[in-house]
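Enquirer: What follows is a single structure, and I will ask about it in a moment.
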Amino acid sequence: RDLNALGGLAKLMPFTAIFTLIAALSIAGTPPFNGFMSKWMIYQSTFLSGNGLLVFFGVMALFISAATLASFIKFYTTAFGGEPTKLTQNVKEVSSSMLIAKGFLASLCLLLGLIPALILPLLLSPGKALANVDLSGLITT
């Protein structure tokens, strides 16, 4: 329950540390992960809208993304950085089935960030169905 009591988990759980770093960077919206591509679409749709209110919301989204990155850097460095503490000194890496699951999800974060065209049609289809407008030509990746 106390993040500050943890530490040094990267040395004890190296695969979990890598997969957690990928997840944190993806959630924060950093390139080349999928979170960046989704946030990039939000930025494009707001900044290029020509509507002052939407541009303001885009600026706020950018600010919130920066705050999210800061919070995940704090989380990661506190839990995984430094030396193992008394609480974490006997921790071992999780089972291989858990590592495979985390590795699969981390791979998807990277793959969908590098090749967003794999998922983009699926993301645009609700808007096309509801508004009867094809936006696929407007989104640049």
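Enquirer: Scan the range 37-48 and tell me whether some residue there is within 18 Å of Ser107 (Cβ to Cβ), touching a Cys at 6+ places or on another chain (Cβ under 9 Å) and of a type outside the set (D, E, K, R). Spell out how you get there, then give the answer.
Expert: Keep residues of the range 37-48 that are within 18 Å of Ser107 (Cβ to Cβ), which gives 37-38.
Still in the running and touching a Cys at 6+ places or on another chain (Cβ under 9 Å): none.
For the range 37-48, residues within 18 Å of Ser107 (Cβ to Cβ), touching a Cys at 6+ places or on another chain (Cβ under 9 Å) and of a type outside the set (D, E, K, R): absent.
Enquirer: Take the residues of the range 1-29 that are in a loop (DSSP other than H, G, I, E, B) and surrounded by fewer than 18 Cβ atoms within 10 Å (Cβ to Cβ): which is modelled with the highest pLDDT?
Expert: First, the residues of the range 1-29 that are in a loop (DSSP other than H, G, I, E, B): 1-2, 6-8, 13, 29.
Filter once more, so that each one left must be surrounded by fewer than 18 Cβ atoms within 10 Å (Cβ to Cβ): 1-2.
On the way: Arg1: 76, Asp2: 83.
For the range 1-29, the residue satisfying everything is Asp2.
Enquirer: On the given criteria, is Ile64 β-branched (Val, Ile, Thr) and within 16 Å of Leu111 (Cβ to Cβ)?
Expert: Numbers: β-branched (Val, Ile, Thr): yes; within 16 Å of Leu111 (Cβ to Cβ): no.
Spelling it out, it is not the case that Ile64 is β-branched (Val, Ile, Thr) and within 16 Å of Leu111 (Cβ to Cβ).
Enquirer: Looking at the range 9-34 only, could you name the residues that are of a type in the set (Val, Ile, Thr), closer than 16 Å to Met98 by Cα and in contact with a helix residue (DSSP H, G or I) (Cβ under 6 Å, 6 or more places away or on another chain)?
Expert: As a first pass, look at the range 9-34 and keep what is of a type in the set (Val, Ile, Thr): 16, 18, 20, 22, 27, 30.
With the extra rule that they be closer than 16 Å to Met98 by Cα, the set shrinks to 16, 18, 20, 22.
The one that is of a type in the set (Val, Ile, Thr), closer than 16 Å to Met98 by Cα and in contact with a helix residue (DSSP H, G or I) (Cβ under 6 Å, 6 or more places away or on another chain): Ile22.
Enquirer: Scanning the range 54-87 for residues that are aromatic (Phe, Trp, Tyr) and under 27 Å from Leu9 (Cβ atoms), which turns out nearest to the chain's Cα centre (by Cα)? Give the derivation first.
Expert: The initial filter retains those residues of the range 54-87 that are aromatic (Phe, Trp, Tyr), namely 56-57, 63, 72, 75-76, 80.
Add one more test, that the residue is under 27 Å from Leu9 (Cβ atoms), and what stays is 72, 75-76, 80.
Values: Phe72: 10, Phe75: 14, Tyr76: 13, Phe80: 18 Å.
Across the range 54-87, the extreme among qualifying residues is Phe72.
The values are calculated or read from the model by the stated rules, or taken from the named source; none is laboratory data. This structure is a prediction, so every number in the text was calculated from the model and none was measured. Neighbour counts run over all protein chains shown; Cβ positions are idealised from the backbone, glycine included.
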